[in-house]
Amino acid sequence: MGQWTTLTSHDGFAVPAWQAAPDAAARGAIVVLQEIFGVNAHIRAVVDRLAARGWWAIAPATFERVRPGVDLGYSASDVAVGRALKAQVEQLPAPGVLADIQAAIDHAASASGAKVGIVGFCWGGLLAWRAAALCSGLSAAVPYYGGGMTSAAEIARQPRVPVLAHFGRRDKHIPLSGVQQLAAAHPEAEVHLYDADHGFNCDLRASYDEASAVRARDRTLAFFGGHLR
């Protein structure tokens, strides 16, 4: 269903992105932010499934500024590569990859003619949280198990749009105490915990939890349905 396109950021940088459009008028537009594994089969499938449900969707390649064409699996070596690439992107001078996310938001609004939301997974969840505070043109944000989101610096951010956040109780990468601190600091955000591990939404990973993934998906789509009308 989807296909590759190229976005242009404000500084002229070209960003590949996987996009898919529904058959009828879009219910809204959703920017999908990758994990540390690139715009791989899972992220492309997320985009395609959203389009099949009536949403216009796009996933920008947020590693592109440090390495083109990243498409990783989930082995230990893939994780190591992804973490190293994430560290490189995080060290880019401001606005860094947020410029590419803004390009995706702008393109989504123009191409769909609809309001734009953003959803991200792991590192993408962290970026979705930042975008909610720093990017323009958004109407809602949904971070899934955003790695680093519960640090003091990230909790201090003030999102400018409604936020729905998903976390796993058994996530060893994100302490439950941090999730509780985030929720306490942002009563305006909707924060949900699931009896699941990190990466519970990805059906290509050993940590996939179908019941949690379906419940989080239903909440996410209802949330977007309410805010992107």
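The values are calculated or read from the model by the stated rules, or taken from the named source; none is laboratory data. Predicted model, so just to flag it, every value in this text is computed and none were measured. In this analysis, Cβ positions are derived from the backbone assuming ideal geometry, glycine residues included, and neighbour counts consider all displayed protein chains. The accessibility values were calculated without ligands, DNA or RNA, using every heavy atom of the protein model including side chains. Shrake-Rupley method; radii C 1.70, N 1.55, O 1.52, S 1.80 Å.
Tyr208 to Gln180: FRET efficiency via 1/(1 + (r/R0)^6), r the Cβ-Cβ distance, R0 25 Å, to the nearest 0.05?
Computed FRET efficiency for Tyr208 and Gln180 comes out at 0.50.
Which of His166, His186, His198 moves the most in a Gaussian network model of the chain with Cα springs under 10 Å?
Result: His186 has the largest fluctuation of those listed.
For the chain, what's the relative contact order in percent, using C-alpha pairs closer than 8 Å and at least 6 residues apart?
17 percent
Can you give the extra length, in nm with one decimal, that the chain gains between Asp195 and Thr5 once fully stretched, where that is 0.36 nm per residue apart less the Cα-Cα distance?
Going from the current span to full extension adds 64.7 nm.
Per residue of the chain, what 222 nm ellipticity follows from adding -39500 (n - 2.57) for every DSSP H run with n ≥ 4, rounded to the nearest 500?
Helix-only estimate at 222 nm: -11500 deg cm²/dmol.
Roll a 1.4 Å probe over the protein chains and send me the accessible area per residue for the chain in Å².
Result: 42 Å² per residue.
How many nm is it between the label spots at Ala84 and Arg67, if each spot is 7 Å from the Cα in line with the beta carbon?
Inter-label distance under the simple model: 0.6 nm.
With +1 assigned to the C-beta of every Lys and Arg and -1 to the C-beta of every Asp and Glu, and no other charges, what is the dipole magnitude of the chain about the Cα centre in debye, to the nearest 20?
Using only the charged Cβ atoms, the result is roughly 260 debye.
Taking the chain as a Gaussian network, where each spring joins two C-alpha atoms under 10 Å apart, which residue of Ala114, Ala51, Ala94 fluctuates the most?
In the Gaussian network model the winner is Ala94.
Full-extension gain between Ser77 and Glu188, please, as 0.36 nm times their residue separation minus the C-alpha to C-alpha distance.
Residue separation times 0.36 nm, minus the Cα-Cα distance, leaves 36.1 nm.
If you take every DSSP beta bridge fully contained in the chain, what fraction is antiparallel? Give it as a percent rounded to 5.
If we restrict to bridges inside the chain, about 35 percent are antiparallel.
Put a dot 7 Å past each Cα toward the Cβ at Arg53 and Arg229; how far apart are the dots in nm?
Label-label distance for Arg229 and Arg53, simple model: 1.7 nm.
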